[in-house]
Amino acid sequence: MSGTHSLGIDRIACDGYGLCAELLPELVELDEWGYPIVGSAPLTGQALGHARRAVAACPALALRLDRAQHRAPDRQSPQRT
C-alpha cells in the first residue's frame, strides 16, 4: 500500500479569502463567488510541499491535506477459456 494526499476544503469554515488560489494556482481555482475549487488528483513531490505551505497559510483554517491509503490492485490469475 502507498499513501497519497489530496487537497480538501472545509466549505463551512472557508471565508473565500482566495489565498489558496494565490499560493497554488496550479491546483486551486476560484468560483464566481471567490470560493476555492480543487481537483481530487493525488499530490506528490513538489506539489505536496506547496500544498502543505498553503494549508498552513489559510487564514480560516479551511484548507487541509487528506491522506488516503490505496491498495494495489489484486493480481488475478488469467482466466481459462
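The values are calculated or read from the model by the stated rules, or taken from the named source; none is laboratory data. Here the structure is a predicted model, which means the values were calculated and not measured. Positions of Cβ are generated from backbone atoms using ideal geometry, with glycine treated the same way; all protein chains shown enter the neighbour counts.
Observations, loosely collected:
- Out of Glu22, Glu26, sole residue that is part of a helix (DSSP H, G or I) and surrounded by fewer than 14 Cβ atoms within 10 Å (Cβ to Cβ): Glu22
Quick grid of which residues meet (1) charged (D, E, K, R); (2) modelled with pLDDT of 95 or more:
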residue: Gly34; (1), (2): no, no
residue: Val38; (1), (2): no, no
residue: Leu43; (1), (2): no, no
residue: Ala56; (1), (2): no, yes
residue: Ala60; (1), (2): no, yes
residue: Asp74; (1), (2): yes, no
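- Subset of the stretch 29-43 [surrounded by 13 or more Cβ atoms within 10 Å (Cβ to Cβ) and either small (Gly, Ala, Ser) or under 14 Å from His5 (Cα atoms) (or both)]: Val38, Pro42, Leu43
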